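Peer 1: Sharing a structure below in structure tokens format, with a few things to ask.
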Amino acid sequence: MVISLLVYLLKKFPELENAELIRNLLSNHLSDENINTEVDYFNEAGNQSFERTYGWAWIFKLAEELHKWDDPLARQFESNLQPLTNHIVSAYLNFLPKLFIPFRSAQLED
């Protein structure tokens, strides 16, 4: 979530006082190595449902923000993020057909 917000800030305010600091932070967090580590984590036994579905949606929001940002650095980040985006798309496609009835974990008992 925070990473998406930082991308949004740089898109809207490219001359932001701390823009270079934010770019460096994004370069670290959205490195090819870090993204591949995230994908590996999701592929480990027991982690397939991690952050489902709220956290998964933030990956899509980040991908959207990067896609709409007209900046060469955004193209690199978008490329780096693609394996994780692809993984989350696949996870949704596997999960959604299982939702044939509403699931409400906080239903009140009579």
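Peer 1: Pick from L66, L21, L99 the residue whose mean-square fluctuation is largest in a GNM of the chain, springs joining Cα atoms under 10 Å.
Peer 2: L99
Peer 1: Dipole size in debye (nearest 20) for the range 1-107 around its Cα centre, Lys and Arg Cβ +1, Asp and Glu Cβ -1?
Peer 2: Using only the charged Cβ atoms, the result is roughly 580 debye.
Peer 1: Mean residue ellipticity at 222 nm from the helices of the chain, using -39,500 (n - 2.57) per DSSP H segment of n ≥ 4 over the full residue count, to the nearest 500 deg cm²/dmol?
Peer 2: Only helices count here, giving -21500 deg cm²/dmol.
Peer 1: By counting other Cβ atoms within 10 Å of each Cβ, how are I22, I59 ranked from fewest to most?
Peer 2: I22, I59
Peer 1: Going by how many other Cβ atoms sit within 10 Å of their own, how do S90, S31 line up, fewest first?
Peer 2: Lowest to highest Cβ neighbour count: S90, S31.
Peer 1: Further question: Would you be so kind as to identify which of L99, V89, L5 lies farthest towards the positive end of the dipole of the chain, taking Lys and Arg as +1 and Asp and Glu as -1 on Cβ and the Cα centre as origin?
Peer 2: Ranked along the dipole, the leading option is L99.
Peer 1: Pull out the extension gain between L9 and Y41, defined as 0.36 nm times the separation in residues minus the alpha carbon to alpha carbon distance; nm, one decimal.
Peer 2: Gain on stretching L9 to Y41: 8.7 nm.
Peer 1: Okay, next question. Count charges around H87 for me, please; just the other residues with Cβ under 13 Å from its Cβ, Lys/Arg as +1, Asp/Glu as -1.
Peer 2: Local charge sum for H87: -3.
Peer 1: Follow-up. Ratio of alpha-carbon Rg to the 2.2 N^0.38 Å globular estimate for the chain, to two decimals, please.
Peer 2: The reported ratio for this selection is 1.27.
Peer 1: Considering Cα pairs under 8 angstrom that are at least six residues apart, work out the relative contact order of the chain and quote it in whole percent.
Peer 2: Result for the chain is 32 percent.
Peer 1: Note down the nm distance, to one decimal, between modelled labels 7 Å out along Cα→Cβ at N24 and at S79.
Peer 2: 2.4
Bear in mind that the values in this text are calculations on the coordinates, not laboratory data. Because the structure is predicted, anything quoted here is derived from the model rather than measured. No Cβ is skipped: glycine too gets one built from the backbone with ideal geometry, and neighbour counts run over all protein chains shown.
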